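The block underneath contains the structure these notes are about, expressed in structure tokens.
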Amino acid sequence: MSEGMRTVLSAFRVLEEVAHTQPAGVGDLARRLRMPKSTVQRALRTMWTAGWICPDGADVTRWVLTTRAFQVGQRAIADIGVRDAAAAVMHELRRETGETAHLMVREGDHAVLIERVETEHPIRAVVPLGSTVPLHGSSNGKAMLAAMPREAVRPILGEELVRYTDNTIVDWAEFFAELDRVAELGYAANTGEWRADIAAVAAPIFDDTGEPVAGLSISAPAGRITPELRERYGALVAEAAARVSATLGHRPAVLPG
């Protein structure tokens, strides 16, 4: 990454933190973002010059957003949905992996396929638009469930975890352990748990309130996703889902300084 790109990214990180903690001081911003004070100060001065922020009062020590930032933000989120936010990212994910990208949302105890970008492989995992898959037996479902409070999961799924294949997890203790692993990894894997011939990896997409509103996945015939590829695809899907979440206004938690 070039020095110029790092400078731009640092400025945007500072801007986002000002938006969520305003009025914000240099010291607090530096601690929360784990950045040198000099870097934060340069970013603040640059954004002040550009009209995105201004001092909170006469003393140039604490900063707030200007109306310019609010106006741009309102226009950006006025009419954007998860499908629109994910479109370009799904095509990029298909190019990176060569496999089909799926976008699903939750409906009750199932996930519904609302968009896909097909692989060019002649042998593929075919799931028609509008299809439903069980949350506990799919990568998209597990990705969304893992991002929810554990006490909310059982009421969604009901008392029994239905078995679809020999690989379906039907024991509650094992399933909750699986959700913990998904949360730790940042992505979920499905190794033939809904259909024995399909494997997939997925990551959750969050909206501006932090709620998991969709799942983004890569799916393929089970034999084509090896354990090594599963790990690589999982990292790619997690990064792609994070970009979609950011477009929807989600901001990952910043650790306190």
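The values are calculated or read from the model by the stated rules, or taken from the named source; none is laboratory data. Just so we're clear, the structure is a prediction, and the values are computed from it rather than from any experiment. Glycine gets a Cβ as well: all are built from the backbone with ideal geometry, and neighbour counts include every protein chain shown. Protein only, heavy atoms only, side chains kept; ligands, DNA and RNA dropped before computing areas. Shrake-Rupley method; radii C 1.70, N 1.55, O 1.52, S 1.80 Å.
Things worth noting here:
- Considering region 2-66, the qualifying helices (runs of 4 or more DSSP H), each wholly inside and each with 1 or more residues that are polar (S, T, N, Q) and open to solvent by less than 40 Å² (accessible area, probe 1.4 Å), run over 3-21, 37-50.
- Verdict on Ala220 being under 23 Å from Asp166 (Cβ atoms) and either assigned to a strand (DSSP E or B) or touching an Asp or Glu at 6+ places or on another chain (Cβ under 9 Å) (or both): yes
- Tabulated pairs, region 105-134, first among the polar types (S, T, N, Q), second open to solvent by 50 Å² or more (accessible area, probe 1.4 Å) and assigned to a strand (DSSP E or B), C-beta under 9 angstrom, 6+ apart or interchain: Thr132/Glu107; Thr132/His110
- Considering residues of region 166-196 that are open to solvent by 20 Å² or more (accessible area, probe 1.4 Å) and of a type in the set (Val, Ile, Thr) only, the residue nearest to Ser219 (Cα to Cα): Thr191
- Residues satisfying the stated conditions in region 114-136, i.e. closer than 24 Å to Phe176 by Cα and either β-branched (Val, Ile, Thr) or out of contact with any Asp or Glu (no Cβ under 6 Å at 6 or more places or on another chain) (or both): Thr132, Val133, Pro134, His136
- With respect to the stated conditions, Gly210 fails to be under 27 Å from Arg13 (Cβ atoms) and surrounded by 18 or more Cβ atoms within 10 Å (Cβ to Cβ).
- Of all residues in region 229-248, at least one satisfies being in contact with an Asp or Glu (Cβ under 9 Å, 6 or more places away or on another chain), open to solvent by less than 50 Å² (accessible area, probe 1.4 Å), within 30 Å of Leu29 (Cα to Cα) and modelled with pLDDT under 90.
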